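Working notes, beginning with the structure itself.
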Amino acid sequence: MAINPLDPSLFRPIVGIDLGTTNSAVAFIRNGQPQIIAAADGESLLPSVVLLDTNDQIVVGQDARDGLIAMPERSVAAVKRLMGSSDPIMLGNRQFLPEEISALILKNLYDRSISVFGEGPIEAVITVPAYFSDDQRRATKHAGELAGFVVERIINEPTAAALAYGLNHSEDKLNILVYDLGGGTFDVSVVALDNGVMEVQASNGNRQLGGEDFDWRLVDWMAEQVLKSHHVDPRTDLRSRAILKDLAERTKWALSDSDQATIESPVLLVHQDHPVTLNTIISRKIFVNMIQPWLDETFSLIDDVLQESHLTPDQIDQVLLVGGSTRIPRIGDMIAQRFNRAPRNEVDPDLAVALGAAVQAGLKSGALSESGLVATDIAPFSMGIAVARPHPTQGWWPGYFQPIIPRNTTIPCRRSESFTTMVDGQDTIEVEVFQGEHELVSHNHALGSFLLTGIPKAPAGTERIMVTFRYNLNGILEATAEILSTRSAKTIVVQDGLERHSLESLQQSQQRLQALWSGESVQDQEFFEVAADELLDPPDFDIAADLQGDPEQLQTEAQAAIDDLVAMIDEKRGNGRRARILLTELKEALASQNPDRILAALNQATDLLFESQL
């Protein structure tokens, strides 16, 4: 029996998730407000720590965090900093990729969600730092899918935090600066809120700056005290290093409430049959001096986003503190001094991102359709193509990057640039799409490429090629190159790295992790080892004009377009009548199994979907 995709009985619940470096959380919309889904013990936050115990059972959360000291070789924390990397993580004698560790954390949040919604598919909006790369966003989405979620969207953390605040201030007109300092990353964004329309003006950040850095600086300080008194370096011992890390975190927390803290460990390690102890006092002033260079860097990034937003500190109406590391008093003092006003923390800094992700989920599902809130985001990186530039004496020099959509452009958006041929009689060009900020493409991230053929042979510079980028809220980039004299065009559709994994590799990872969750015995260590090239090397890009040669991929793209059209109709975006016509045409084209007909319908659907986002 055919299933009607518009049947309201097929509604899937949707949640918002903050997958954090130190802690994670999940939330949903209840009675028009975001609400955290707590664990059975009432805890809102889930420590982002995973442990593989001696019985090969996975432990996630506080118990795993406690295991960092007892079994440091079987535990891992701060995996968010490793997302997008292909380097394996060892837990005991098993290897995992960072996204698999994140999937184990997300599975715990999935189980929490099941406790509210019951069994069945659950959609998720998952947040990432605004400055996360294409690879890191792709790995995050993959982790969510491995955990069992239907990942509907990846959004930026500062945007989510602003949504959490903006939901109850939708009638205000404000310039808001979001200062987001978490355990592993820093982001800063300027957001304009105007009668319910929330628009991100600019974002900047550092993917490797956060509370973890402060902790490890404290570890070094404590180790230096031990070296002075006992002439042994505790950092060389894995267990002692874990003890110091735990002491550093607790000391940092204590110094947020007091001017000084006592650090004690009766047995840090045993050296030459004698216990090595640690007993010292540290002042808040010493700690602040340690971390001041990092704090200064965050304020340098604030200056950058203010300049890109064409605003001065006096024009910022509210400063929102997000992330657990913003509890450090020095940060509030620096904010007050720079902006001449105290920062706002009415939304819990530890929960703001998860609550805001739930607001985005509510806007998508319709649960907040009466809120009057509309949100736009920005492109975190510039996107453009490789070009050649003339050299005064040596002809053309290739390998330069020409942005089409500059960083911090509000999305969804459409941008075009015109280019010309380089040599006489040139009839083909290769359009190479990149993401990044460097002048040379070799330093940026390749997103895809395609050949544009059939250019009329003419003197160099005569034929003009119009390159158009269209980028939507779901991270889909469509790049088109058109020969203006003949109106012949070719297009590449890049899913911003979020849809590039093969179904087969995803299923293999799911099978591996499912066996681990269910406690099945595993005879072969290789069962849990995932080849890095299988999961993280981007496969061939989907080029719309070349899909005829790949019927399976063509059907996959068409089905994805059907899902998007259904969502467009449900959300009453754009031309609903046209969407219904194309939905019918796509379904009939798929049934016909005619590649040309499917491709034609797919191209029309893609155009309509982009138009609905512009």
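The values are calculated or read from the model by the stated rules, or taken from the named source; none is laboratory data. What you see is a predicted model; the values in this text were computed from it and never measured. Glycine gets a Cβ as well: all are built from the backbone with ideal geometry, and neighbour counts include every protein chain shown. All accessible areas refer to the heavy atoms of the entire protein, side chains included, with ligands and DNA or RNA removed. Shrake-Rupley method; radii C 1.70, N 1.55, O 1.52, S 1.80 Å.
Of Glu526, Glu588, all but one fail to be modelled with pLDDT under 65 and in a helix (DSSP H, G or I); the exception is Glu526. May I ask you to list the residues in region 181-200 that are closer than 26 Å to Asn340 by Cβ and open to solvent by less than 10 Å² (accessible area, probe 1.4 Å)? Within region 181-200, Leu181, Phe186, Asp187, Val188, Ser189, Val190, Val191, Leu193, Met198, Val200 meet the criteria.
Here Leu268, Leu295, Leu306 are screened, and the one residue that is assigned to a strand (DSSP E or B) and touching a helix residue (DSSP H, G or I) at 6+ places or on another chain (Cβ under 9 Å) is Leu268. For region 40-48, the criterion of being in contact with a Leu (Cβ under 8 Å, 6 or more places away or on another chain) and at positive phi is met by no residue. Looking only at residues in region 138-153 that are touching a residue at least 60 places away in the same chain (Cβ under 8 Å) and open to solvent by 20 Å² or more (accessible area, probe 1.4 Å), the one that is farthest from the chain's Cα centre (by Cα) is Val150. Scanning region 206-234 for residues that are in contact (Cβ under 8 Å) with a residue 40 or more places away in the chain, outside any loop (DSSP other than H, G, I, E, B) and open to solvent by less than 10 Å² (accessible area, probe 1.4 Å) returns Gly211, Phe214, Leu218, Met222, Val226, Pro234.
Select, from Ile243, Ile282, the only residue that is on the phi < 0 side of the Ramachandran plot, in a strand (DSSP E or B) and surrounded by 15 or more Cβ atoms within 10 Å (Cβ to Cβ).
Ile282
The one condition from (1) touching a Ser or Thr at 6+ places or on another chain (Cβ under 9 Å); (2) touching a residue at least 40 places away in the same chain (Cβ under 8 Å); (3) more than 21 Å from Arg250 (Cα to Cα) that Ser325 does not meet is (3).
Taken over region 385-423, residues that are over 14 Å from Ile465 (Cα atoms) and either among the hydroxyl-bearing types (Ser, Thr, Tyr) or touching a residue at least 60 places away in the same chain (Cβ under 8 Å) (or both) amount to 10. Among the residues examined, Phe401 qualifies as touching a helix residue (DSSP H, G or I) at 6+ places or on another chain (Cβ under 6 Å) and farther than 26 Å from Asn168 by Cβ.
Picking from residues in region 344-385 that are among the acidic types (Asp, Glu) and over 16 Å from the mean Cα position of the chain (by Cα), the one that is most open to solvent (accessible area, probe 1.4 Å) is Glu370. Counting only strands (runs of 3 or more DSSP E) that sit completely within region 312-415, those holding 2 or more residues that are at pLDDT below 90 and within 18 Å of Ala161 (Cα to Cα) correspond to 374-378.
Against the test of being open to solvent by less than 30 Å² (accessible area, probe 1.4 Å), among the aliphatic types (A, V, I, L, M) and farther than 27 Å from Tyr179 by Cβ, the options Val276, Val270 yield a single qualifying residue, Val276.
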